[in-house]
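The values are calculated or read from the model by the stated rules, or taken from the named source; none is laboratory data. Note that the structure is predicted; figures quoted are calculated from it, not measured. Cβ placement follows ideal geometry from the backbone for every residue including glycine, while neighbour counts extend to all protein chains displayed.
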Amino acid sequence: MAERLVKPIPDRDSVAYWQALADGRLVVSHCRDCGHWTWPPRPICSNCHGDDLSLDEVSGRGEVYSWVVVHRSTTPDMMKYVPYTLALVRLDEQADIYIPGRLISDREAHRGMRVRVAPEKITDTLGDLAWKAEDAQS
Ligand SMILES: [Zn+2]
């Protein structure tokens with residue numbers, strides 16, 4: 001389990017999302033009416049505005065769309081990683097769904113870099129998300 005001073009604060013719509021990450025899975029809001037995936041977790045579909053959504057597990061795979069290298073941490077917890085890459089990853093499930101997270105890789109990020117989710121357990125009910133390059137050694 002990772003030590004964290006700064007933790008996500010789950011709300012009604014995201015508590016199952018953070019729990020899934022603690023359990024090692026990535027779930028995303030999925031509209032039962034139109035099939036659209038919506039992130040972050042919310043009660044309304046960003047495509048059809050319907051309210052019949054469920055949190056469904058996704059493949060956890062995608063590609064880097066954009067990134068930034070962080071040289072000054074904004075929280076004490078992230079200081080151990082500095083400098084680190086914060087990547088915006090486009091999920092394989094849908095072309096317009098992007099999820100940010102720290103990139104774990106021994107190579108520089110590039111657009112189209114294949115990644116998979118690397119959930120990190122903070123507590124028994126809270127997890128956080130990082131992305132790991134599919135060819136990363138560590
Ligand atoms: Zn919808």
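A few notes on this one:
- Meets criteria (away from the ligand (no atom under 14 Å from the Cβ) and touching a Phe, Trp or Tyr at 6+ places or on another chain (Cβ under 6 Å)) for ALA16: no
- Among the residues making up the stretch 66-100, those that are among the hydroxyl-bearing types (Ser, Thr, Tyr) and surrounded by 14 or more Cβ atoms within 10 Å (Cβ to Cβ) are SER73, TYR81, TYR84, THR85, TYR98.
- Residue check for ARG72: within 12 Å of the ligand (Cβ to nearest atom), without any contact (Cβ under 8 Å) to a residue 60 or more places away in the chain and more than 12 Å from the chain's Cα centre (by Cα): no
One line per residue, one yes/no per condition, for (1) touching a Phe, Trp or Tyr at 6+ places or on another chain (Cβ under 7 Å); (2) away from the ligand (no atom under 16 Å from the Cβ):
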{"site": "ASP33", "(1), (2)": "no, no"}
{"site": "LEU55", "(1), (2)": "yes, no"}
{"site": "VAL68", "(1), (2)": "no, yes"}
{"site": "LEU86", "(1), (2)": "yes, yes"}
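- Of residues in the stretch 35-53 being free of Cβ contacts under 8 Å to residues at least 40 places away in the same chain and either more than 16 Å from the ligand (Cβ to nearest atom) or within 19 Å of ALA118 (Cα to Cα) (or both), the one farthest from the chain's Cα centre (by Cα): PRO41
- Only one entry of GLU108, GLU120 meets the criterion of being surrounded by fewer than 17 Cβ atoms within 10 Å (Cβ to Cβ) and over 12 Å from ARG61 (Cα atoms), and that entry is GLU108.
- Selected residue (criterion: nearest to PRO100 (Cα to Cα)) from residues of the stretch 63-86 that are of a type in the set (A, V, I, L, M) and at pLDDT 85 or above: LEU86
- Only one of the numbered conditions (1) more than 16 Å from ALA118 (Cβ to Cβ); (2) more than 16 Å from the ligand (Cβ to nearest atom); (3) surrounded by 16 or more Cβ atoms within 10 Å (Cβ to Cβ) is violated by ALA22, and that is (1).
- Looking across the stretch 54-65, just one residue is under 16 Å from the mean Cα position of the chain (by Cα), exposed (fewer than 14 other Cβ atoms within 10 Å of the Cβ) and among the small types (Gly, Ala, Ser), and that is SER59.
- Filter result for the condition that a residue is touching a His at 6+ places or on another chain (Cβ under 9 Å) and acidic (Asp, Glu), over ASP56, ASP33, ASP51, ASP13: ASP56
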